[in-house]
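Undergrad: This is the structure I have questions about; it appears just below.
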Amino acid sequence: MAHFILLLHESPANWADVTPEEMQQVIEKYRAWSQRLVETGKLAGGHKLRDEGGRSLARRNGSVEVTDGPYAEAREVIGGLFVIEADGYDDAVETARDCPHLEFGGRIELREVEPT
């Protein structure tokens, strides 16, 4: 089986008015979904990224520039990722189709991991 990464794109504005109770319900949906992946042997890993912080690095004019970000004001950020095992893109799409991220206005970028 191949590994696929699900990059969870989201708009920070979608979460601005979520209460702690609502956030707990969201977390439970992700937990239940990832547990189903564990039970079927498809989950290879995953991480929630911190909402604030991070750095962007780019080489410009021969030197590396480092900038802070992303920020909550950003239009879209990557909020987390999952790594799954699948037989191909069709199987990976079927696995990702019911990810709670899509339920909450997010977008999933699905990419195959190059075997090493």
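The values are calculated or read from the model by the stated rules, or taken from the named source; none is laboratory data. Remember, predicted model here, so these are calculated numbers, not experimental data. Cβ: placed from backbone, ideal geometry, glycine included. Neighbour counts: every protein chain shown. When the accessible area is computed, the model is the full protein with side chains, heavy atoms only, and any ligands, DNA or RNA have been set aside. Shrake-Rupley method; radii C 1.70, N 1.55, O 1.52, S 1.80 Å.
Undergrad: For Gly46, are the conditions met, namely being within 15 Å of His9 (Cα to Cα) and open to solvent by 40 Å² or more (accessible area, probe 1.4 Å)? Can you show your working first?
TA: Details: within 15 Å of His9 (Cα to Cα): yes; open to solvent by 40 Å² or more (accessible area, probe 1.4 Å): no.
Judged against the criteria, Gly46 is not a match.
Undergrad: Any residue in the stretch 71-83 that is at pLDDT below 95 and among the basic types (Lys, Arg)?
TA: yes
Undergrad: So which residues in the stretch 15-31 are of a type outside the set (D, E, K, R) and open to solvent by 70 Å² or more (accessible area, probe 1.4 Å)?
TA: Within the stretch 15-31, Ala16, Pro20, Gln24, Gln25 qualify.
Undergrad: Picking from Ser11, Ser56, Ser34, which residue would you name as being surrounded by 10 or more Cβ atoms within 10 Å (Cβ to Cβ), of a type in the set (S, T, N, Q), out of contact with any Phe, Trp or Tyr (no Cβ under 9 Å at 6 or more places or on another chain) and closer than 20 Å to Pro100 by Cα? It would help to see each step written out before you state the result.
TA: Numbers: Ser56 fails: closer than 20 Å to Pro100 by Cα; Ser34 fails: out of contact with any Phe, Trp or Tyr (no Cβ under 9 Å at 6 or more places or on another chain).
Exactly one residue qualifies, and that residue is Ser11.
Undergrad: Tell me which of these His3 doesn't satisfy, since it passes every other one: (1) at pLDDT below 90; (2) open to solvent by less than 80 Å² (accessible area, probe 1.4 Å).
TA: Going through the list (1) at pLDDT below 90; (2) open to solvent by less than 80 Å² (accessible area, probe 1.4 Å), His3 breaks only (1).
Undergrad: Pairs only if they're at least six apart or on different chains, beta carbon under 8 angstrom, first in the stretch 59-71 and closer than 28 Å to Pro12 by Cα and among the acidic types (Asp, Glu), second open to solvent by less than 90 Å² (accessible area, probe 1.4 Å) and part of a loop (DSSP other than H, G, I, E, B); list them, first residue then second.
TA: Between residues of the stretch 59-71 that are closer than 28 Å to Pro12 by Cα and among the acidic types (Asp, Glu) and residues that are open to solvent by less than 90 Å² (accessible area, probe 1.4 Å) and part of a loop (DSSP other than H, G, I, E, B), the close pairs are Asp68/Gly53; Asp68/Gly54.
Undergrad: Only helices (runs of 4 or more DSSP H) wholly contained in the stretch 8-116 count here; list those with 3 or more residues that are more than 13 Å from the chain's Cα centre (by Cα) and not aromatic (Phe, Trp, Tyr). Can you show your working first?
TA: Details: elements: 20-39, 89-96, 100-103.
By residue number, 20-39, 89-96.
Undergrad: Still on this model: Please enumerate the residues belonging to the stretch 91-116 that are farther than 21 Å from Glu39 by Cβ, acidic (Asp, Glu) and out of contact with any strand residue (DSSP E or B) (no Cβ under 7 Å at 6 or more places or on another chain).
TA: Glu114
For every residue, the table says whether it meets (1) under 21 Å from Ala2 (Cβ atoms); (2) of a type in the set (A, V, I, L, M, F, W, C).
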position	(1), (2)
Gln24	no, no
Arg36	yes, no
Gly54	no, no
Thr67	no, no
Gly79	no, no
Ile84	yes, yes
Asp90	yes, no
Gly105	no, no
